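Every number here is computed from the coordinates shown, using simple stated rules; none is lab data. Being a predicted model, the structure only gives us computed values, none of them experimental. Ideal geometry is used to build each Cβ from the backbone, glycine not excepted, and the neighbour counts take in all protein chains shown.
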Amino acid sequence: MSIFFNDLGKHQNSIVFTTIDEQISYNDLVFEIEKLSENLLARKLAFIICENNIESVLGYLTFLRIGIVPLLVSKSIDRELLNDLITNYKPNYIWANKDYTLSNDWKITHSNRTFQLQESISPFNHEFHPSLALLLMTSGSTGSPVLVRLSYQNLIQNTISISDSLGISKEDKPITTLPMNYTFGLSIINSHLLNGCEIILTELSILSKDFWDLFKSRKPTTFGGVPYTYQMLKRIGFEKMDLPFLKKLTQAGGKLDHNMSKYFAELCLLKGIKFFVMYGQTEATARMSCLPAEDAVKKAGSIGIPIPNGSFYLVDDNLDVINEADKEGELYYKGPNVSMGYAYNVNDLILGDENNGVLATGDLAKKDNEGYYYIVGRKKRFLKIFGNRISLDEIENITLKNGYSCVCTGVDDKLYVFTENEQDVLELKNLISAKISIHHSAIIVKHISKIPRNDSGKILYSELQVK
Amino acid sequence: MESFSVSSDQLNENLVYQSVPQWDSIGHMGMVAALEEAFDIMMETDDIIDFGSYNKGVELLAKYNVVI
């Protein structure tokens, strides 16, 4: 079985990374990994403040290869939150842009391009479970972040299943359109490294001219997007763009509504692009299902069928398995990519597999009579905003901690906040936007004279007007 | 101004794409929608992705007979 982070050398002189400034081969990458590995110790904890550049991926692969457990952090993380994570998890190494200067408790021991490695001068002795490979933050986690514990097998197996589902081969050439600390973005990098592909790494946004200049000169064959990416593509006239080298598009990170799904399925068919809709969660390493491109039009709106080695089943309120078609229930997934569990603090890093390969997704779904699955709603109170999962209860807790009172509800890409205090409206909007790192236009704060409650004081969310 | 939460004195040649936290891809889409609505225009692909700064935007909008 091929292991994407160990078997890099076999792709030899093929190009691995292209950026605006340079290109390096798999051989160059292995050489740089070996150099960075010098003097590093196995079974330590490292934080990577990720950017879509060679340095970040180099650090990630180096740590995986020598058995250091990395936590991937977004470069736009709230600094206070980052400091809390450092205090709580006591990393031994921090691999980040040279702009991230830390206190005197850290010394710089290595540098590469724009990044440097900082080592703690009083290293903490972590106890790790031997299977623990990688830590990811659940998307949009706030306040006290929850980490997902992934094993080496989770990573290796999911990477192979994704590669098989999409038929990835050496000729595929992705360009990054999602952050690498985001599970979907990371899985694109992993699955293409497995196949010895060239990967174009960029921080540029699809709304910038420089992105499309790079795109036209480097001719990527594939990229992935969350629902909001597809809305932007539609708006900037993707329909009229002439990109004959583009062969595959993938969509995940939330439900693309039925009309958009159909629009892109039909457009891609016309343009000779294979369009794959996928479904995943960080708790399942990255992806759980795939709608094959040939079914994209016929089954628009579906998340498809489970990836190889995975299976779905639906469960009703009595926890009985549903066998008939078109009946809704909570979606469960079983497979080798289901994470070991969560970590709430540093002591949890020694815990073993708590999920035993089974994940209750929290999504409500149904299955048609041909075995294709459709997401129809949610069991838990959360929203997907620009691909990030946002817990409504958590936002209520954060605002409470900051001295405000409000209740939250909403639909995907739109969070509604209701408060009884009119003077708090603007402050709430700014506070929430900052704390969850979500653009303020996705947050609507409304004043309401009385929050609807039932006799026992329970909030009646269904009576709050969302429109 | 509303799209990026900036004040009117920040509307100058220094206001460029991703120079303020709120002018990200989401802010950009919001701004395009707001401009289209305010001036009753329909912007083209090249103009949307070329709109990398306040000054460039003023120049592009002239094409649509919008004078700032």
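Applying Stokes-Einstein at 10 °C and 1.306 mPa s to the Kirkwood radius of the range A:1-56, computed over alpha-carbon pairs, gives a translational diffusion coefficient of 123 µm² s⁻¹. Taking other residues whose beta carbon is less than 13 angstrom from the beta carbon of B:F39, and scoring Lys, Arg as +1 and Asp, Glu as -1, yields -3. State the answer as a single residue: which of A:Y332, A:G371, A:T101 lies farthest towards the positive end of the charge dipole of the range A:8-376, with beta carbon charges of +1 for Lys and Arg and -1 for Asp and Glu, about the Cα centre. Checked the options; the winner is A:T101.
Just from its helices, what would the mean residue ellipticity at 222 nm be for chain A, if runs of 4 or more DSSP H residues each count -39500 (n - 2.57) and the sum is divided by every residue, rounded to the nearest 500 deg cm²/dmol? Don't jump to the answer; show the numbers that get you there.
Working: 10 runs with 118 residues, N = 467.
Calculated mean residue ellipticity at 222 nm is -8000 deg cm²/dmol.
Where q = 0.09 Å⁻¹, what log10 of I(q)/I(0) comes from the Debye formula for the range A:257-395, counting one point per Cα? Here the Debye-derived log intensity ratios amount to -0.31. At what distance in angstrom do the alpha carbon centres of the range A:450-467 and the range A:273-334 lie from each other? Comparing the Cα centres of the range A:450-467 and the range A:273-334, I get a distance of 33 Å. Working from the Cα coordinates of chain A, the gyration tensor eigenvalues give, after taking √(5λ), semi-axes of 33, 29, 23 Å in decreasing order. Rounded to the nearest 20 debye, the dipole magnitude of the range A:1-137 is 260 debye, with +1 charges on Lys and Arg beta carbons, -1 on Asp and Glu beta carbons, and the Cα centre as origin.
Pairs of alpha-carbon atoms within less than 8 angstrom and 6+ residues apart define the contacts here; what relative contact order does chain A have, in percent? Please report the intermediate quantities before stating the final value.
Working: 942 pairs, mean separation 57.0, N = 467.
Contact order relative to length: 12 percent.
Given in Å, the Rg to one decimal and the Dmax to the nearest whole number for the Cα atoms of the range A:382-463 are 12.1, 36.
Nearest 5 is fine: what % of DSSP beta bridges in the protein assembly as shown come out antiparallel, could you say? Walk me through the intermediate numbers first.
On the way: 57 of 85 bridges.
Among the beta bridges of the protein assembly as shown, antiparallel pairing accounts for roughly 65 percent.
Pairs of Cα atoms nearer than 8 Å and 6+ residues apart set the relative contact order; for the range B:10-62 it is 48 percent.
Computed across the range A:340-444, the Kirkwood hydrodynamic radius from all distinct Cα-Cα pairs reaches 16.2 Å.
Spatial offset of the range B:8-55 relative to the range A:185-207 amounts to 28 Å, using the alpha carbon center of each.
Under a model in which nothing but the beta-carbon of Lys, Arg (+1) and Asp, Glu (-1) is charged, the range A:8-376 shows a dipole of about 900 debye around its Cα centre. A straight line joining the Cα centroids of the range A:1-40 and the range A:433-449 runs 43 Å. Past the 18 angstrom mark, what percentage of all C-alpha to C-alpha distances in the range A:69-132 do you count? In whole percent, the share of Cα-Cα pairs in the range A:69-132 beyond 18 Å is 38. Between 0 and 90 degrees, the angle of helix B:25-39 with respect to the longest Cα principal axis of chain B falls at about 40 degrees.
Could you sort the peptides A:12-23, A:215-226 by per-residue average Cβ neighbour count (10 Å cutoff), highest mean leading? Could you put the intermediate results ahead of the total?
Values: A:12-23: 15.3, A:215-226: 18.9.
Peptide ranking by packing, descending: A:215-226, A:12-23.
Computed from backbone phi, the HN-Hα couplings of the range A:40-50 come to 7, 10, 5, 6, 10, 9, 10, 9, 10, 8, 7 Hz, rounded to whole numbers (Karplus: 6.51 cos²θ - 1.76 cosθ + 1.60, θ = phi - 60°; Gly and Pro given as x). Viscosity 1.002 mPa s, temperature 20 °C: give me the Stokes-Einstein translational D for chain B in µm²/s, with Rh taken as the Kirkwood radius over C-alpha pairs. Calculated translational D: 178 µm²/s. Positive end of the dipole of the range A:67-226 (Cβ unit charges, origin at the Cα centre): among A:S76, A:M137, A:L178, the Cα lying farthest that way belongs to A:L178.
Convex hull volume of the C-alpha atoms in the range A:106-235, normalised per residue: 173 Å³. For the range A:215-268, the equivalent ellipsoid derived from the Cα gyration tensor has semi-axes of 19, 12, 10 Å, listed largest first.
For A:S289, the residues 5 or more places off, or on other chains, whose built amide H falls under 5 Å of its own are A:Y279, A:I307.
For A:L249, the residues whose modelled amide H falls within less than 5 Å of its own, excluding neighbours fewer than 5 places apart on the same chain, are A:K274, A:F275, A:F276.
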